[in-house]
1. Using 1/(1 + (r/R0)^6) with R0 = 41 angstrom and r between the beta carbons of residue 212 and residue 37, what's the FRET efficiency to the nearest 0.05?
2. Provide the percentage of antiparallel DSSP beta bridges, counting only those with both residues in the range 139-262; round to the nearest 5.
3. Using Cα centres only, tell me the gap between the range 128-176 and the range 231-296 in whole Å.
4. Find how much the distance from residue 221 to residue 102 grows on full extension, using 0.36 nm per residue of separation minus their present alpha carbon separation; answer in nm with one decimal.
5. Testing the spin-label approximation: label points 7 Å from Cα along Cα→Cβ at residue 94 and residue 10. State their distance in nm.
6. Kindly count the pairs of lysines across the chain whose alpha carbons are less than 19 Å apart, treating pairs on different chains or eight or more residues apart as eligible.
7. Could you tell me which residue out of 249, 74, 103 lies farthest along the dipole of the chain toward its positive end? Charges go on the beta carbon: Lys and Arg +1, Asp and Glu -1, centred on the Cα centre.
8. How much net charge surrounds residue 39 when only the other residues with a Cβ under 13 Å from the Cβ of residue 39 are counted, with Lys and Arg +1 and Asp and Glu -1?
Amino acid sequence: MPDVTEPGMIVNGVRIDASFAEAFDMRATALIITADTEAWAETAAVSLTGFATSIIACGVEAGIDARLAPEETPDGRPGVRVLLFAGSTGELQKQLQNRVGQCVLTSPGSACYAGLDGGEPLKLGDALRYFADGFQISKRFGGRRFWRLPVMDGEFVCEGTTGLTKSAVGGGNLLLMGKSVAATRHAAETAVAAMMTVADAIMPFPGGIVRSGSKVGSKYKGLIASTNDAYCPTLRGLAASALEDDIASVLEIVIDGLTPEAVAQAMRVGLAAAIALGPEAGACRIGAGNYGGKLGKHHFHLKDLLP
């Protein structure tokens, strides 16, 4: 919990905490999913990135990074680039295989390609090819292997592998605090819309926003995370609060990026967008969550990211 008595700054009437977001190393990869139409590429991508908000319970954090025009994809069709983050290479490989197999292979007209070059390869088509039961065909093109798997609407084309990065970062965040639920949500939605323009970064929670921010541990044995009581307005007076009397709602935006620079840039544009609204239409205070520097080595100080 940040020390709210610590002097911060005021920008466009919005109070900025003298705090930082504490983030940690992750493993990550990227995929390009294409289909005959934008709608079907989006459907496959949304399905693949479903139930992928937090590695605490989902195994992986995933989201849509960008919508791609036909001239930006390997097969000249509409596409979507998705990012996936996990705590280990083994878990990332498991999630990749299961999610592509269940959500992309199954989607009408889809194809799947590597969205990241270099690093240790993760199996993509090299793992899924066995579904074709011996009828799979591989071809090399431009030094890359592609698999063609016969399916009921034609063929599923899938690249053999995709790249892995061990330089990814998870846990960047902003805490938006407002005088009403509506104003706080407006600030968060505005910030997320701006952050979605940043390449190589995702906000994995629903709509990019999370209301159930958590603290480490619980009074209940075996529960590794529980409600962030210091930021719950209804617990003011019942628990040690980090909130002033004028704050009625708090929403958090969590950011994962392929690099620390991507996370910093997403936080930077999100801060600028929220601050531009001012304290009446948006957030009256903006902070960031950290654990005193004990969780991760990446510290994104708000003062360094201000517009």
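1. Values: r = 35 Å, r/R0 = 0.86.
The formula returns an efficiency of 0.70 here.
2. If I count the DSSP bridges inside the range 139-262, around 95 percent turn out antiparallel.
3. Using only Cα atoms, the two centres lie 36 Å from each other.
4. Details: separation 119, 0.36 × 119 = 42.84 nm, distance 3.47 nm.
Value of the extension gain: 39.4 nm.
5. Once both label points are built, they end up 5.2 nm from each other.
6. Working: 94/123; 94/166; 123/139; 123/166; 166/297; 215/294; 215/297.
So the count of such lysine pairs works out to 7.
7. 103
8. On the way: positive: 67, 77; negative: 36, 38, 42.
It works out to a net charge of -1.
The values are calculated or read from the model by the stated rules, or taken from the named source; none is laboratory data. Here the structure is a predicted model, which is why all the values come from computation and not from measurement. Virtual Cβ from ideal backbone geometry, glycine too; neighbours counted across all protein chains shown. Keep in mind that these areas ignore ligands, DNA and RNA; they rest on the heavy atoms of the full protein, side chains included. Shrake-Rupley method; radii C 1.70, N 1.55, O 1.52, S 1.80 Å.
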